[in-house]
Number of protein chains: 2
Amino acid sequence: MSERATVTMSATLAADEALARRRSAGEQVISMASGEIGLPVHPALQRMLAGAAQLNAYGPVPGGSALREAAAGYWQRRGLDTDPELVVAGPGSKPLLFGLLLAIGGDPVVPVPGWVSYVAQARLAGSQPIGVPILPGEGGVPDPAALRTAVTRARAAGRDPRCVVVTVPDNPTGTVASGDTLRRLGETARDLDLVIVSDEIYGDLVFDAADPAVSPARYAPERTVTTTGLTKNLALGGWRIGVARFPDGDLGRDLRTALVRVASQIWSSPAAPVQAAAAYALGEPAEITAHVAASRRLHEAVVRTVADRFGAVGALLTPVRATCYLYPDLEPLRAPIGRGYDLHTGDDLVRLLLDRYGIGVLPASAFGEPAIPLRLRLATSQLYGETDEQRWAALAADDPLTLPWIRSTVDRIEEVLADLAGPAHHVHP
Amino acid sequence: MSERATVTMSATLAADEALARRRSAGEQVISMASGEIGLPVHPALQRMLAGAAQLNAYGPVPGGSALREAAAGYWQRRGLDTDPELVVAGPGSKPLLFGLLLAIGGDPVVPVPGWVSYVAQARLAGSQPIGVPILPGEGGVPDPAALRTAVTRARAAGRDPRCVVVTVPDNPTGTVASGDTLRRLGETARDLDLVIVSDEIYGDLVFDAADPAVSPARYAPERTVTTTGLTKNLALGGWRIGVARFPDGDLGRDLRTALVRVASQIWSSPAAPVQAAAAYALGEPAEITAHVAASRRLHEAVVRTVADRFGAVGALLTPVRATCYLYPDLEPLRAPIGRGYDLHTGDDLVRLLLDRYGIGVLPASAFGEPAIPLRLRLATSQLYGETDEQRWAALAADDPLTLPWIRSTVDRIEEVLADLAGPAHHVHP
């Protein structure tokens, strides 16, 4: 087996499959491991896909012009002038990020904690990622001062860091780096001549419209490559479509060319019928923006409620500002949880939650953090119902927490937390 | 830019885009560069895709069980017992091949000539491919004796060859390696402990039903990984779906696990609606096998007619037994073609055909051959018409060569060849 291929299975996808197996074996499970969005496909997008079923040509490697123009408009409406020629679409933002790491080369800097696949992708690309911690409460962006130190040291040691990967808003923490941090990130990247690869897949899922996420492309426009897709805002993970935006100028054009070459040899082009539907979605007609808004309100209501339950038993966590993730630290509960259970690492806690309570979550170690702290990443995006009917009802509800299938899950989580934090473990699944 | 990412753009996809630009600028062009299949999507598959538009979950990384079971049946009907658990689907056989090169590691042996992307993919995977020539008239499979010598030498030089990639039937030559050669390949691979990666994307496009292509999995079942997809037999290149079959036993199971890990980090899963249509297609209901058979007859009629025209002016070529490719050597025509034109390499001939006659083809150098010989790879798969109506008529025709839009293209090719081979160049586009 190849050394490069000794990456582990994506932790989120692996957890998803394990939970699906338990569920189909008849177990009651609460899936909070993967950030897959458990919401239906908007009917307009189903119609667009169905209406494009006759499309079978590869078309251009970076996607057809309709899709690239729609993506340019999407960024334009968010304050970023975009040339459709500097847009590359691919079968998901995940392959685009991998292609970018190959195209840029050298060793990427990644945030710690950071999304499960950045490190694995860098290894598959033959690189040694350099992890740099975030600032407290500002996930997804390496602390600019620590970034400077790490890159300077790495270069002194003969290594070749060429880019820094950031996630704005952030997975796993559900937080959003501040404008000030992003400004300093941009300055640092300029000083160090680093490309910024900004994964903005959660860009439409910031709860406070008055305080949106800011792209580092605002502060370092000449060196920031931005990626996004329809996986999170429109629940289209299984359709596999993403887009990348390159900066204007020589650097951006060269990187765009390099990514298109890589794409032509690895995946050819994004699926043609999916491109048609994605072009419609990125055009953001009213029905689509309303659907995204409803999803965002639902995520906010549920993720904040679950976060409150964790806070209520003494877990430490930064307020969730975006996404459907919470990242609680249960270290203050180590003593009660450890009574009668051999508890050392976050992994132990994950196993306890799964085996005793049927609750699937991920440990912080999956995101590059040390193994010991009892820190978890929970995704609440699969709590909206089992059927399309329930999920549409959740999207339409003024208060989704009053819906019985959501209420009962939250109550169960509360019960489990009380049991963990209480004098003895007695709740049965 | 990364050293690894200095691969060139896929020659076929690049040529396709260049021809599409000329065509949309109003030029008359004959596209014979890329092997994209210019035929419509079967209506049943359009219906299956449309009917699956509500599917938006990732599902398992290697594809859902319906698709994997259908793929297992497809191989079963071709004499290869297949466990659905040893099938991995991906967004095209191209990413599956890339993932396999990453999963296997070391330096792959590739046939010369060979498909444009093997070498580029190996470089992107951080490997140095080892080219080994084919036997005359048996494209896609390195000469087993030369394979043994090359691998032995490479190992003596400290390199680490671990697999040999073969194409059965072959692109670019349109030939099919004999059973004897495949048997010797299997023995050699066993002696040298090499994995065989067998790209069988053209497996359904062998013209003589009494003499089908044989998979090396027949001769080296324990070490052969087979890939195929719906791009060639069903013209679904733009849908991006492929499947890989792993051998039973520890080697196969380990490789399958390694590929799934790679897939989980690079592409997640094949698009869910496409999976549904692919499962139907791989189940091979009568309407689908009839459609594939009609396509195969059409390919045969047109590619053999064009091959005859090349033979008639003195080009050398092995009879085409499969696919829609011919690989003529125009070296015997160097003198007449070179009159009044600065002709050295195959590239020069490609430029002449494009600039003077509006005919797009690829040089043998795109397939790893030396630059000098006047050898070309032509694909006739885009000569079936410009509209769905024409393409359906071509599929239904007893003699597609009598259809005016196909007839006129073949006549034009004949005229250009006469001009090239004749005393002076006077045909105008």
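For the structure I just gave you, tell me whether A:Leu80 is touching a Ser or Thr at 6+ places or on another chain (Cβ under 6 Å) and either within 18 Å of A:Arg253 (Cα to Cα) or not basic (Lys, Arg) (or both). So A:Leu80 fails the test.
Only residues that are within 7 Å of chain A (Cβ to nearest Cβ) and hydroxyl-bearing (Ser, Thr, Tyr) were counted across the stretch B:39-65, and they come to 1. With respect to (1) in contact (Cβ under 8 Å) with a residue 60 or more places away in the chain; (2) open to solvent by 10 Å² or more (accessible area, probe 1.4 Å), the lone exception for B:Ala71 is condition (2). None of A:Ala396, A:Ala335, A:Ala366, A:Ala421 is out of contact with any Cys (no Cβ under 9 Å at 6 or more places or on another chain), away from chain B (no Cβ under 14 Å) and buried (at least 17 other Cβ atoms within 10 Å of the Cβ) except A:Ala421. Answer yes or no as to whether A:Leu354 is over 22 Å from the mean Cα position of the chain (by Cα), in a helix (DSSP H, G or I) and not polar (S, T, N, Q). So A:Leu354 fits the description; yes.
Conditions (1) under 28 Å from A:Ala379 (Cα atoms); (2) out of contact with any Lys or Arg (no Cβ under 6 Å at 6 or more places or on another chain), marked per residue:
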residue: A:Val29; (1), (2): yes, no
residue: A:Glu36; (1), (2): yes, yes
residue: A:Ala89; (1), (2): yes, yes
residue: A:Gly106; (1), (2): no, no
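Residues that are closer than 17 Å to B:Ala276 by Cβ number at least 3 in the following strands (runs of 3 or more DSSP E) confined to the stretch B:58-138: B:87-90. When the stretch A:273-326 is filtered for residues that are part of a strand (DSSP E or B) and free of Cβ contacts under 8 Å to residues at least 60 places away in the same chain, only A:Leu316 remains.
Residues in the stretch B:66-122 that are among the hydroxyl-bearing types (Ser, Thr, Tyr) and closer than 27 Å to B:Pro172 by Cβ were compared, and the one that is farthest from the other protein chains (Cβ to nearest Cβ) is B:Tyr74. Applying a threshold of 6 Å to beta carbon distances and a minimum spacing of six or more residues, or different chains, the list of pairs starting in the stretch B:243-272 at a residue that is more than 9 Å from chain A (Cβ to nearest Cβ) and ending at one that is open to solvent by 30 Å² or more (accessible area, probe 1.4 Å) reads B:Phe246/B:Arg256; B:Pro247/B:Pro221; B:Pro247/B:Glu222; B:Gly249/B:Glu222. Based on this model, can you work out whether A:Thr409 counts as assigned to a loop (DSSP other than H, G, I, E, B) and surrounded by 15 or more Cβ atoms within 10 Å (Cβ to Cβ)? Taking the combined requirement at face value, the residue does not satisfy it. Summed over the stretch B:383-393, the residues that are open to solvent by 50 Å² or more (accessible area, probe 1.4 Å), outside any helix (DSSP H, G or I) and at pLDDT 95 or above give a count of 1. Would you mind stating whether A:Glu36 is without any contact (Cβ under 8 Å) to a residue 12 or more places away in the chain, open to solvent by 20 Å² or more (accessible area, probe 1.4 Å) and within 7 Å of chain B (Cβ to nearest Cβ)? Here the answer is no, as A:Glu36 does not meet what is asked. Looking at this structure, is A:Val164 in contact with an Asp or Glu (Cβ under 9 Å, 6 or more places away or on another chain) and at negative phi? In short, no.
The values are calculated or read from the model by the stated rules, or taken from the named source; none is laboratory data. The shown structure was predicted, so the numbers you read here are calculated from the model rather than taken from an experiment. Counting neighbours? That spans all protein chains shown, and the Cβs are built from the backbone with ideal geometry, glycine included. Side chains are part of the model used for accessible areas, which takes the heavy atoms of the whole protein and leaves out ligands, DNA and RNA. Shrake-Rupley method; radii C 1.70, N 1.55, O 1.52, S 1.80 Å.
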